[in-house]
Amino acid sequence: MRSSLHKWLQVSVLNLLLVSLIGVVLRYKIAFSLPFIDQKHLLHGHSHFAFSGWITHTLMVLLVQYLSEQSGRDQFRKYRSLLWGNLLTAYGMLLWFPIQGYGPWSITFSTLSIFVSWIFAVVYWKDLNRLSVQKISHSWFKLALLFNAVSALGAFALAFMMATQTVHQNWYLAAVYFFLHFQYNGWFFFAAMGLLTARLETLVFLRKKLWYIYLLFAFACIPAYLLSALWLPMSQLVYVLVIAAAIAQVLAWWLFLSACFKNRAEIRKLFPGNSQWLLLLAALATSIKLLLQLGSTIPSLSQLAFGFRPIVIGYLHLVLLGMFSIFLIGQLAISINNTLSKILLTGIRIFVAGVIINEIVLMVQGTAALSYQSIPFINESLLATALILFTGILVMLLAFRKIKPGN
């Protein structure tokens, strides 16, 4: 692993540890008591830092690494200020959201974070265009950058409602889900698929199918936003478009999985062994997520799901931890395959076990909530799970720091 990549990915793991630590505090406060901490404010800091400090930072680093490989030059020097800018705004949100919630300083850092992402998008888009060979993965990357920029509209709408004290429940939720959708299903997903496609398209016979998969997901992303807002009034034509988007996503994902399965012997050669099982788990989480989205087109199921907070929390953790965090750790395993120590692998396994246990406990809690039943020691169980996640990441970070990067 090159020293620049090692340095920035080490920051990624540290940030994931901080996200996990805050998760432990949040779970402790629910299970027991921490009266001096505002739960809602700390939750805002937790979620904003998870998005910007962990996932966005890591995706930016991986995109810069891809550009370095394709151009034959170390691009980290060029993007250093943007990576630091994203980190500074992320730490600003981590500090100020727990203190003041949606206050002047937290909104300032949140806004600056958006501006940094916009500058990154413009610079990276231009650098992609300068590459001598244009690839399918570049289309994924460009839409990822575009959707990241678009998601800011939801954040600005929230800030406006908070500043003017004109919060209406429907519009508030619409803005929240707009931001989440174009982060999860836009920026995060398209960037991740771009990184996968960059490897898969080296198999020439897969390129045509990979292009069709890209087109289906590109078509589906914008109307799929309404899958999170089916409670808004909409015409029958719009509702049909939403259903078509949900079906298109499942179809595209099926084409992707079937192509990978049919050509698994060749594809295994593209991915180091320690990354394969992580990518398979991320793919499983993605499959569950897309099927849940398709099921949400049934109005009764949609009302049921969005009406119970434990189910919503379980879904968000499925996406954030099951899909993207495991995927990014898989990318980390790809980057350092030759130096993946037993201790680092142990930390990864503990973390993955924590993710699986967390989803099981949240699923039990959500199922019980449907019948308005309470599960004994459920909050203590979730606290224990948070500690497992924290332990796994701590072991990963300690092992990662011992890696000696190359030039």
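Out of everything in the stretch 213-258 that is among the polar types (S, T, N, Q) and more than 20 Å from Val176 (Cβ to Cβ), what residue ends up being surrounded by the most Cβ atoms within 10 Å (Cβ to Cβ)?
Step one: of the stretch 213-258, the residues among the polar types (S, T, N, Q) are 228, 235-236, 249, 258.
From what's left, more than 20 Å from Val176 (Cβ to Cβ): 235-236, 249, 258.
Values: Ser235: 8, Gln236: 7, Gln249: 25, Ser258: 11.
Step by step, filter the stretch 213-258, then rank; the result is Gln249.
Is it true that Leu345 is in a helix (DSSP H, G or I), aliphatic (A, V, I, L, M) and surrounded by fewer than 16 Cβ atoms within 10 Å (Cβ to Cβ)? Yes, satisfied. Taken over the stretch 309-333, the criterion of being touching a Ser or Thr at 6+ places or on another chain (Cβ under 7 Å) and within 14 Å of His57 (Cα to Cα) is satisfied by Leu328 alone.
Checked against the criterion of being without any contact (Cβ under 8 Å) to a residue 40 or more places away in the chain and not hydroxyl-bearing (Ser, Thr, Tyr), the candidates Val361, Val395, Val352 yield just one match: Val361.
Every condition in (1) closer than 17 Å to Gly314 by Cβ; (2) surrounded by 15 or more Cβ atoms within 10 Å (Cβ to Cβ); (3) of a type in the set (A, V, I, L, M) holds for Leu370 except the one numbered (2). Screening Ser81, Ser12, Ser52 for residues that are closer than 19 Å to Ala121 by Cα, at pLDDT 95 or above, among the small types (Gly, Ala, Ser) and crowded, with 16+ Cβ neighbours inside 10 Å leaves exactly one candidate, Ser52. Criterion first (on the phi > 0 side of the Ramachandran plot, surrounded by fewer than 23 Cβ atoms within 10 Å (Cβ to Cβ) and at pLDDT below 90) does Gln169 satisfy it? No; evaluated as a whole, the condition is false for this residue.
Would you check which residues across the stretch 142-184 are closer than 16 Å to Lys289 by Cβ and in contact with a helix residue (DSSP H, G or I) (Cβ under 6 Å, 6 or more places away or on another chain) and list them?
Across the stretch 142-184, the qualifying residues are Tyr177, His181, Phe182, Gln183, Tyr184.
I'd like to know if the stretch 90-104 contains one or more residues that are surrounded by fewer than 19 Cβ atoms within 10 Å (Cβ to Cβ), more than 17 Å from the chain's Cα centre (by Cα), closer than 21 Å to Phe188 by Cβ and not polar (S, T, N, Q). Yes, that holds for at least one residue. Determine whether the stretch 154-163 contains at least one residue that is farther than 26 Å from Phe217 by Cβ and under 24 Å from the mean Cα position of the chain (by Cα). Yes, the conditions are met somewhere in the stretch 154-163.
Residues Val167, Val133, Val176, Val150: which one is more than 22 Å from Gln65 (Cα to Cα) and not in a helix (DSSP H, G or I)? Let's see the steps before the verdict.
Numbers: Val133 fails: more than 22 Å from Gln65 (Cα to Cα); Val176 fails: not in a helix (DSSP H, G or I); Val150 fails: not in a helix (DSSP H, G or I).
The conditions single out Val167.
The values are calculated or read from the model by the stated rules, or taken from the named source; none is laboratory data. None of the values given here were measured: they were computed from a predicted structure. Glycine gets a Cβ as well: all are built from the backbone with ideal geometry, and neighbour counts include every protein chain shown.
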